[in-house]
Amino acid sequence: MAKGLLPMIPLVAARPAMALDLTSVTGAIVSLKPLLDTAVTTAREVVIQPVGSFLTSPAMGDLTIYLSKTVISWGVPTAALGVLLVAASKTRSEGMDDVNAETSGSAFSFLSKKKSKEPKQFLKIERINDKLESFNFSLTKATESSQQALTENKRMKFQRKYGDQLLSQLSDSKIQKLVKADEKYQKAAKKTRKSLAKISTELRVIASEKGAVLRDKSEMGMMAKMMKLRGFTKKTEKLIAAQSEALKSYTSAEQAFIQAVSSELSEEKVKEFTKMLKKTEFGLMEGAEGLALAEKPEPKKHAFVLSFPGDVTASQVENLREEVTAVIRSANKTRGDEVVLVLNTGGGTVTGYGLAAAQLTRIKDAGLKLTICVEQVAASGGYMMACCADRLVASPFAVLGSIGVITQQPNVYERLNREGIEFLTVTAGKYKRTLTPFKKPTSEDFKKTEEDLTAIWDLFKGFVKDQRPKLDVNLVATGETWFGKDALERNLVDELKTTDDVLLEMLDEGSELYSVKYRDPKNSPLAQLLPSAGSSDLRSLFARWLLGDQAVDTLDEMRVGGRRGGGQMLYDPIAKQTLALSENEKNDIVRPPLS
């Protein structure tokens, strides 16, 4: 290729820098054509054909597949991990206050969106009325028509806004007309509120500026000051005129709406409507949904629905306590607010369910009615909670009772003795250790354990008696359980009814139903991917992804072992021994003191 291009250089360079006529230029191009053809042919043979052959060769295909696999195997997990880290970082930082968020935010906090001015919310609130009413809408839409479903939905909202008694007898067509009139009125009211807010802001600014001019004692001439004040006066008069015009427009819309309502009512209902209008408040308040009638119906009571699907340790009490605190601080007992607890648990530890029952007594102490609905089982500690109810409802085949106390554990003393193993226990206190899995049980051990269980049983019976005075505790405190009908006969429950029927009754009575659930952002699945903000364990997360869990666990053990020193063990070897022991043994095992 180089030989083919060299003759071009002197040929071009020999041309003087001067203007050429068209004939000479054409001749030069024609003379260069053979040289250009030679250069193109040489380039094709030396560069293009070899490169093209390499790109289409099997080796290049294999190389392309290898590179693609490498990019996918590393790039996709890295991108996914990055997304999870950002989401987890955001979840972690949401629970912090603004001060902590500024000083100890996550390493990825700069990727988070700007925080809302609203405080962090730990409660998930769902208006159950909306869900139940949506069932009617869906079924009407499916069985009749979309138009009929929308009409009924609008009727319900309109009657909720302006009163059931006044408008309950109107036909769907009349309701449709009033809904359209209401929409027109609402639009006018919204426009007026916006105009008045803007005018009020301008009037306040003028008043402030006018005060500054009156206070000014500088060398400003009297004439200049008077001119400014006169300008303020003209602006004020103009704004007041605009304010009056806005109110006039609103009044016309309100009059049209009232006439539309009155024209659809019977003579008797018109009198009621007129009586109500005589006590009507100003309807342009922020958040007003229409005519703010003074004679409103009694405020609807609120029913807060909680749930407790208990386990053996009653771990759900951590959420229950937060939910109870939220409800008793916001509920209004004068409005008739109450709490509904959906309960399902077979009981468990005395301390766990004792604390759960104590949370329910807080509701009653706050003056709120407590309704407990047992769906499947409320036995033992579960019944300790259930008996706290002012109204105890159970489904027909729910299991209730088991008012008793039990403890059980295996005993491997004989087997250990045959193997020549002696388990040594050192105690201080005569009854510090009675029945254990590892010592030979004695009659004195059994006697003391029975005394302890009897004491707990007496406390249990006393608590149930205090909560349900009409219940014959001695008759039912046998450890037995009964299904719904038998439990009702023994006064263990007040009614046999499902939770759904209880909520529907409250809905029909006009109650506002709210599901309340506490959610801790620290326990979200994404948040568990990251340790607390600023922690160095972020490196461990990447290490586990790159090296695997086993390698990182080995490194962690080496690191823990290397941090022992100064007479203090940062790692307690006895912790591994306690894993094989019973709960009592874990709690009472003697550990060597740490210096």
With every protein chain present, what accessible area does GLU264 have (1.4 Å probe, heavy atoms only), rounded to the nearest 10 Å²? 30
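Can you quote the Å³ per residue value for the convex hull of the Cα atoms in the range 321-477, rounded to an integer?
163
May I ask for the net charge around ILE456, where only other residues with Cβ less than 14 Å from the Cβ of ILE456 are counted and Lys, Arg are +1 while Asp, Glu are -1?
Numbers: positive: LYS448, LYS461; negative: GLU450, GLU451, ASP452, ASP458.
Cβ neighbours under 14 Å give a net charge of -2.
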Could you compute how fast the range 295-403 diffuses translationally, taking Rh as the Kirkwood radius over C-alpha pairs and applying Stokes-Einstein at 4 °C with viscosity 1.567 mPa s? Give it in µm² per second. 93
Which order do you get for PHE483, PHE308, PHE438, PHE122 if you rank them by accessible area with a 1.4 Å probe, largest at the top? PHE483, PHE122, PHE438, PHE308
What percentage of the solvent-accessible surface of the range 230-278, computed with a 1.4 Å probe over protein heavy atoms, is contributed by carbon and sulfur atoms? 53
For TRP457, TRP482, write out the residues from largest to smallest accessible area, computed with a 1.4 angstrom probe and no ligands counted. TRP457, TRP482
Consider just the alpha-carbon atoms of the range 318-381 and return their Rg together with their Dmax, both in angstrom. 12.3, 37
Largest-first ordering by accessible area, 1.4 Å probe, given options ASP365, ASP37: ASP365, ASP37
Could you sort the peptides 241-248, 355-362 by per-residue average Cβ neighbour count (10 Å cutoff), highest mean leading? 355-362, 241-248
Take ILE65 and ALA39, extend 7 Å from each Cα along the Cα→Cβ direction, and tell me the distance between the two endpoints in nm. 4.2
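By how many nm would the segment from GLN376 to ALA256 grow when fully extended, if each residue of separation counts as 0.36 nm and the alpha-carbon distance is taken off?
Residue separation times 0.36 nm, minus the Cα-Cα distance, leaves 37.6 nm.
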How high is the FRET efficiency from LEU203 to ARG391, r the C-beta distance, R0 56 Å, rounded to 0.05? 0.50
Any idea how far apart LEU424 and MET223 come out in nm if each label point goes 7 Å out from Cα toward Cβ? 11.3
How much accessible surface area, in Å² rounded to 10, belongs to the heavy atoms of TYR66 with a 1.4 Å probe? 150
Roughly what would the spin-label model give for GLU414 and LYS300, points 7 Å off Cα along C-beta, in nm? 6.7
Please identify which residues in the range 323-348 have an amide N closer than 12 Å to a label point set 7 Å out from the Cα of GLU480, following the Cα→Cβ vector. none
With all protein chains modelled, accessible area of ARG490 [1.4 Å, Å²]: 80
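The values are calculated or read from the model by the stated rules, or taken from the named source; none is laboratory data. As the structure is a prediction and not an experimental result, all values here were calculated from the model. Neighbour counts are summed over all protein chains in view; Cβ atoms, including those assigned to glycine, are modelled from backbone coordinates with ideal geometry. Areas reflect the complete protein model, heavy atoms only, side chains present, ligands, DNA and RNA absent. Shrake-Rupley method; radii C 1.70, N 1.55, O 1.52, S 1.80 Å.
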